[in-house]
Amino acid sequence: MKAVRTDRELECPNLDAGLLARGVELVTLPEHVSEEQLMTEVANADLLLMCYTRITARVIQAASRLRGIVKYGVGIDAIDLEAARSLCIPVVNIPEYAEETVAEGAFALMIALSRKLCALDAEMKANGWAWPVQSWLGHDLAGKTLGLVGVGRIGRNLARMAGAGFRMRVLGFDPFVDAPTMRLAGVEKYEVLPDLLGTADFVSLHSVLNGDTRHLIGRAQFEKMKPSAVLINVSRGALVDEAALLEALRENRIAGAGLDVFSQEPLSTSRHSLSALFSMRNVLLTPHLTFFTQEAMERLERETLERCDELLNNRPVLVKSRDPRLLCQTHGVVFA
């Protein structure tokens with residue numbers, strides 16, 4: 001048996017060792033592997049494991065004996081799901097491994113921005129001290145309003161931390177989550193996104209990326225936000241029209257942003273459409289790593305191996321996601 005794992009930059013030693021211990025030939029490929037090389041490697045592969053690399057229809061069609069595609073992560077927008085379904089190749093993700101982890105990451109960005117921690121750290125390291133002048137004046141989170149765009153697993157965990165932990169008011173916009181479910185999570189449901197944007201002090205994005213949500217936050221949405229509001233995105237970069245975000249930050253239409261994800265990754269300090277973000281003191285950048293903790297990676301590797309075992313042993317693979325794009329599968333899957 002053969003498995004191909006793309007995105008080897010994301011080190012998964014327990015996953016790789018587990019596959020090898022099962023007698024599987026393992027080929028690991030870099031994130032920016034060419035489509036042609038990937039097609040060559042999957043031609044005789046039983047499993048394809050991916051995280052960020054695009055899995056095109058051509059790649060799937062080249063894999064004549066593929067038993068399944070495992071996204072070792074959550075988002076599935078890089079996989080041509082229609083091509084996989086047409087060839088009866090099941091696709092599965094690992095949706096639960098970092099629910100609290102990513103929520104903690106979003107909360108860390110909120111705290112750091114509201115208290116200007118990164119700028120203060122830079123000032124201390126450059127000059128040894130910072131006096132309590134107006135430019136360093138921060139804000140409490142207690143009593144502020146958090147607006148969640150997407151109230152799934154991660155959003156609900158963030159709501160719990162913000163509401164029970166910091167006494168924030170939490171609002172939610174999500175057409176697929178009803179008001180009673182949100183209420184149980186301590187979230188007030190808003191039916192209309194602009195109303196939430198106009199009320200929130202922090203707007204945190206937790207939506208899946210699909211055709212309907214691409215550029216969900218653009219120029220019109222930034223104009224609805226308070227000038228004192230901060231945008232947090234730990235979900236998918238393309239949820240935001242990033243040109244409109246740069247414009248909003250330059251023109252002080254919003255107070256700041258905490259960003260872990262970007263449409264084009266990796267970022268670069270030069271020759272990138274978002275290079276200007278590096279010079280903005282009210283912007284906090286992290287490199288798509290809010291999921292990356294020891295505990296979350298242990299969960300991810302363990303459950304990915306469980307899904308691989310099911311596929312390698314010709315058993316239906318367990319789909320835990322509630323994403324309609326995975327729930328519509330009819331071949332080789334069983335639902336939690």
Answer yes or no as to whether I69 is within 18 Å of P90 (Cβ to Cβ) and in a helix (DSSP H, G or I). no
Which members of segment 178-195 meet the condition of being small (G, A, S) and within 22 Å of the chain's Cα centre (by Cα)? A185
List the strands (runs of 3 or more DSSP E) inside segment 179-290, counting only whole elements, that have at least 1 residues being over 22 Å from A122 (Cβ atoms). 202-205, 230-233
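Quick check on this structure: which one of L289, L284, L277 is over 17 Å from the mean Cα position of the chain (by Cα) and in contact (Cβ under 8 Å) with a residue 12 or more places away in the chain? Step through it out loud before you land on a result.
Working: L289 fails: over 17 Å from the mean Cα position of the chain (by Cα); L284 fails: over 17 Å from the mean Cα position of the chain (by Cα).
So the residue among L289, L284, L277 that is over 17 Å from the mean Cα position of the chain (by Cα) and in contact (Cβ under 8 Å) with a residue 12 or more places away in the chain is L277.
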Can you tell which of R315, R307, R322 is charged (D, E, K, R), surrounded by fewer than 15 Cβ atoms within 10 Å (Cβ to Cβ), touching a residue at least 24 places away in the same chain (Cβ under 8 Å) and in the same structural domain as Y72 (by TED's automatic domain parsing)? R322
Per-region count, segment 84-112, residues assigned to a helix (DSSP H, G or I) and closer than 30 Å to A142 by Cβ: 14
Report whether or not E295 is acidic (D, E), in a loop (DSSP other than H, G, I, E, B) and under 25 Å from L10 (Cα atoms). no
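Kindly indicate whether A45 is outside any loop (DSSP other than H, G, I, E, B) and either touching a strand residue (DSSP E or B) at 6+ places or on another chain (Cβ under 7 Å) or small (G, A, S) (or both).
Spelling it out, it is not the case that A45 is outside any loop (DSSP other than H, G, I, E, B) and either touching a strand residue (DSSP E or B) at 6+ places or on another chain (Cβ under 7 Å) or small (G, A, S) (or both).
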Could you list, in sequence order, all residues of segment 84-128 that are on the phi < 0 side of the Ramachandran plot and exposed (fewer than 12 other Cβ atoms within 10 Å of the Cβ)? M124, K125, A126, N127
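The values are calculated or read from the model by the stated rules, or taken from the named source; none is laboratory data. Computed from a prediction, not measured in an experiment: that's the story for all the values here. FYI the Cβ positions are ideal-geometry reconstructions off the backbone, even for glycines, and counts take in every protein chain you see.
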